[in-house]
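The values are calculated or read from the model by the stated rules, or taken from the named source; none is laboratory data. Only a predicted model underlies this, so the values are computations on that prediction, with no experimental measurement involved. Reconstructed Cβ throughout: ideal geometry from the backbone, glycine too, with neighbour counts over all protein chains shown. The protein model used for the area step is the full one, side chains on, heavy atoms only, and it has no ligands, DNA or RNA in it. Shrake-Rupley method; radii C 1.70, N 1.55, O 1.52, S 1.80 Å.
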Amino acid sequence: MEAVIAIPAYNCAPQIGRVLDEITDEVAARVAQIWVIDNRSTDDTLERALEYKRSGRLPHLRVFRNRQNNSLGGTHKVAFEHARAVGHTHVVILHGDNQAHSDEVALLLDHAEAHPETQTVLGSRFSRRSRLQGYDAKRVWGNRVLNTVYSIVALRRLQDLGSGLNLFALRDLDPATYMGFANHLTFNYELILDLVKRKVQFAYVPISWREEDQVSNARNWNIFRTALRNLALWRLGRQTSAPAPNRDYEWDEVQ
């Protein structure tokens, strides 16, 4: 396994240093590189990441900036395509908002190493052994309802549709499908449905999750509605979404 940790980062200046601090030396030694991918932040996220790189604590840390704001889903595409181009076999997606625990990357790597047949391993916030801290009860309920509906329709138990800590084996992903998904926050939902459709084996591992900066309920409701719409289209065999036109999925390394 040659894995890279990709950290999508957007306006998370207060958190990005903590995310990197929590990557232990043991975890860092198990991956080929660590990428911070700044998605055109308007705060000083990029500068904070560069300061951390200059500290030298993570010698194989690299900092990139998307040429366009491609949202969270588009930054997944950037990470997958660049990892594939340079020969990496796995991509750990670790969100830059410090809600997941960075040291728990090891849990996903351990599972993949112990189960050669299951190389895509997804973090679950809602398993029996998961740990939630400060997560609003309404959001827990909404996620559990969505997980249940998706599981019933997909005929596959789906414990979490969009946590911020996931390990993807590139062999399990099809660029012909994921490049056609919308770039917004429900990208991961569509990616999981595509894995189900193509009968890819994947597993869930319980993770810890903390929620300190709640987003608005209106935004959550929009995500909920989009997720249900995409599920209905998927079950009908129709295209679930489309990316924004004229996207540039290239990045520039920042020194």
Keeping the other protein chains in place, figure out the carbon and sulfur percent of the accessible area of the chain, with a 1.4 Å probe. 51
Under the √(5λ) rule applied to the eigenvalues of the Cα gyration tensor, what semi-axes describe the equivalent ellipsoid of the chain? Give them in Å, descending. 26, 20, 20
Taking the C-alpha atoms of region 154-208, how large are the radius of gyration and the largest Cα-Cα span, Dmax, in Å? 11.1, 33
Rounded to the nearest 10, the angle in degrees between the Cα long axis of helix 45-55 and the longest principal axis of the Cα atoms of the chain comes to 50
Using the Kirkwood formula over every pair of different C-alpha atoms, what hydrodynamic radius in Å results for region 71-211? 15.4
For region 202-207, what does the Karplus curve 6.51 cos²θ - 1.76 cosθ + 1.60, with θ = phi - 60°, yield as ³J(HN,Hα) per residue in whole Hz, taken in order and with x for Gly and Pro? 8, 10, 10, 10, x, 10
Accessible area expressed per residue, the chain, with surrounding protein chains retained (probe 1.4 Å, Å²): 45
Mean Cβ-within-10 Å packing, highest first, puts peptides 9-18, 127-136 in the order 9-18, 127-136
Using a 1.4 angstrom probe on the protein heavy atoms only, could you order Asp21, Asp172, Asp110 from most to least accessible area? Asp21, Asp110, Asp172
What's the center-to-center distance, using Cα atoms, between region 125-144 and region 42-69 in Å? 31
With a 10 Å radius around each residue's Cβ, average the other Cβ atoms per peptide and rank 62-69, 91-98, highest first. 91-98, 62-69
With every protein chain kept in place and a 1.4 Å probe, the residues Trp141, Trp221 fall, from largest accessible area down, as Trp141, Trp221
Ranked from the most accessible area to the least, with a 1.4 Å probe and all protein chains present, what is the order of His88, His60? His60, His88
Cα pair distances of region 1-113 binned at 10 Å [whole percent]: 15, 51, 32, 3
Could you give the length gained by full extension between Met1 and Ala242, i.e. 0.36 nm per residue of separation minus their alpha carbon distance, to one decimal place? 83.6 nm
Label point 7 Å beyond Cα of Arg171 along Cβ direction - residues of region 83-114 with amide nitrogen under 11 Å: 89-90
Just tell me which aspartates and glutamates come within less than 13 Å, Cα to Cα, of Lys199; anything on the same chain fewer than 8 places away is out. Glu117, Asp172, Asp174
Any idea what angle helix 217-235 forms with the longest principal axis of the chain, computed on alpha-carbon atoms, 0 to 90 degrees, nearest 10? 60
